[in-house]
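The values are calculated or read from the model by the stated rules, or taken from the named source; none is laboratory data. Note that the structure is predicted; figures quoted are calculated from it, not measured. Virtual Cβ from ideal backbone geometry, glycine too; neighbours counted across all protein chains shown. Surface areas here come from the heavy atoms of the whole protein model, side chains and all, with no ligands, DNA or RNA. Shrake-Rupley method; radii C 1.70, N 1.55, O 1.52, S 1.80 Å.
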Amino acid sequence: MQQLVRNPYNPRVEVKAIEDMADSLTGRGIIQPLTVVTRQAFLQAHPGQERALGNAEYVVVDGNRRLAGAELAGLDDVPVHIDDSFAQDADTLLETALTAAVQHEDLEPLDEAKALERLVQVHGSQRAGP
């Protein structure tokens with residue numbers, strides 16, 4: 001698990017209920033693999049972020065809470081799905097992380113607002129024409 005690092009641009013600022021997650025992982029294991037991108041793909045989308053990644057070879061795009069729970073539970077390894085297509089650019093990474101966060105658990109209103117603000121900056125409003 002030392003090869004994995006949480007996404008420094010995860011729209012969920014605070015990861016909650018880690019103790020409950022750790023208990024679940026200890027009893028049942030990880031059912032859904034973490035989705036990760038390679039360090040190289042992440043750095044192509046976010047140049048200059050080597051320091052934020054430390055020595056990790058993979059960045060978690062979906063599963064930051066499961067990773068934190070696995071670390072707390074003392075698991076040595078976790079299943080992962082590697083898909084660099086999620087790292088085409090910084091905006092694709094943000095959209096993927098936001099979609100994953102919403103699908104798994106409601107975001108805090110402030111976290112959701114910040115993520116949506118970033119998406120609007122990149123893509124414009126829904127009213128914006130082609």
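Here is how the numbers come out for the structure above:
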| quantity | calculated |
| --- | --- |
| Sequence ranges 19-31, 41-53, 86-98, 59-71, ranked by mean other-Cβ count within 10 angstrom, highest first | 59-71, 86-98, 41-53, 19-31 |
| Mean accessible surface per residue for the stretch 42-92, computed with a 1.4 Å probe while every protein chain stays in place, in Å² | 53 Å² |
| Long-range amide H partners of Leu34 with built H, under 5 Å | Val80, His81 |
